[in-house]
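Derivation of every value follows stated rules applied to the coordinates shown; laboratory data play no part. Predicted model, so just to flag it, every value in this text is computed and none were measured. Positions of Cβ are backbone-derived with ideal geometry, glycine not excepted, and every protein chain shown enters the neighbour counts.
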Amino acid sequence: MTTSFTTLPIVSLSALSDPQSDPEALSALSSKLNDVFSTTGFAYLVDLPLTYTHKDVFSLCNSFFGSKGLTADEKIRLAKKTFVKSNTNTYRGYFPPQVGSDNLKEGFEIGSPTSTVSLSKRPTKFNLTEPNVWPTGHQEFQHRAETLYEELQSMSARLLTVLAGSLGQVPEYFDSYLKDSLSTLRLLHYPPLPKEKKEQELICTPHTDSGILTILHQDSTGGLEVLNSDGEWIAAPYIPGSVVVNIGDLMAKVSGGRWVATMHRVRATNAGGERKGRYSVPYFFEPGMDCVIKAVGQEDGVVYGDHVLEKMKGWVEFQDVDGEEEA
């Protein structure tokens, strides 16, 4: 369970930078992550095995949302069917800010650039394995986004190998989770609050993540807060060179309750500057549609596709369409 922490711990991933990592260094990292996920559920990761810098990541956001990025018409052509009924994409693509919602953000989501997953045998209104949609004439943006996705998926796979050791399992324990992975890279823009909402406290309401592992690039605007065991909201501002990592409800289940999926939120800030708002880029590591998630040592589990379709019923960007099967 969570503790009365007042700051998030900082964990170095230097042990993952060398393909021939020192076993003792990996063991130490495994022990550290076990402690982190047993007490806070959140941490800063530094010494990252990524070629993309924070500047690169938020330049990508600016290419989509910025003043010289996509036009409103270009973005809406990528919108999910929830918002544009004539569009065919249901799970990947763009979503606009939700009018009347406390989750005041717009976003663009992509899945695996190389996915060859076939459709599930059970028809649903949301196709979790559909291909990505891309803006026409922005090949450089697509290439950069796909490269970032692949680097974050690779880092997540190596983290899972270490986390298997944290749970007392062989390094290959999570290999089945990597098969046909449905991981999502989400570019987010929180626009400045309109005049009528200037007193609004939150731009993303308290929640836990639903899946396995989240890796977050956040900008210097701030606003992320994490709930400790005393009921206090602890600020988690950007630390240069870091990303934030946290586990979701399913990873807490895998650990048999040893690890905790911690409640978090985003507070409104008076962000300004050229971007006119806040950027964040979460990467959600997710297993395959048919992957069975179960606690270590247990036989019963949940099918990931069923789990996420149920969760989607409460997500604002899908609320106009339910997740039930087609009649």
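Sorted on the mean count of surrounding Cβ atoms within 10 Å across their residues, most packed first, peptides 43-49, 241-247 read 241-247, 43-49. Only beta bridges with both residues in the chain are counted; by DSSP, about 90 percent of them are antiparallel. Net charge of the neighbourhood of Ala145, taken over other residues with C-beta under 12 Å away and scored Lys/Arg +1, Asp/Glu -1, is -3.
One Cα centroid belongs to segment 156-195, the other to segment 14-36; the line between them spans 17 Å. Comparing mean-square fluctuations of Val170, Val254, Val11 from a GNM of the chain with C-alpha springs under 10 Å, the top value falls on Val170.
As a check on your grasp of the helix formula, calculate [θ] at 222 nm for the chain: sum -39500 (n - 2.57) over DSSP H runs of n ≥ 4, divide by the residue count, round to the nearest 500.
-7500 deg cm²/dmol
Classification of the chain by its C-alpha gyration tensor yields a rounded form. The axis ratio a/c (a ≥ b ≥ c) stays under 1.5.
Sum up the charges of everything whose Cβ sits under 15 Å from the Cβ of Phe42, counting Lys and Arg as +1 and Asp and Glu as -1, but leave Phe42 out.
-3
Magnitude of the charge dipole for the chain, about its Cα centre and with charges confined to Cβ atoms of Lys, Arg (+1) and Asp, Glu (-1), is about 840 debye.
Summing charges over all other residues whose Cβ lies under 15 Å from the Cβ of Tyr173, with Lys and Arg as +1 and Asp and Glu as -1, gives +3. For the residue pairs Lys68/Lys105; Lys80/Lys311; Lys105/Lys313; Lys105/Lys253, the C-alpha atoms sit more than 21 angstrom apart in Lys105/Lys253.
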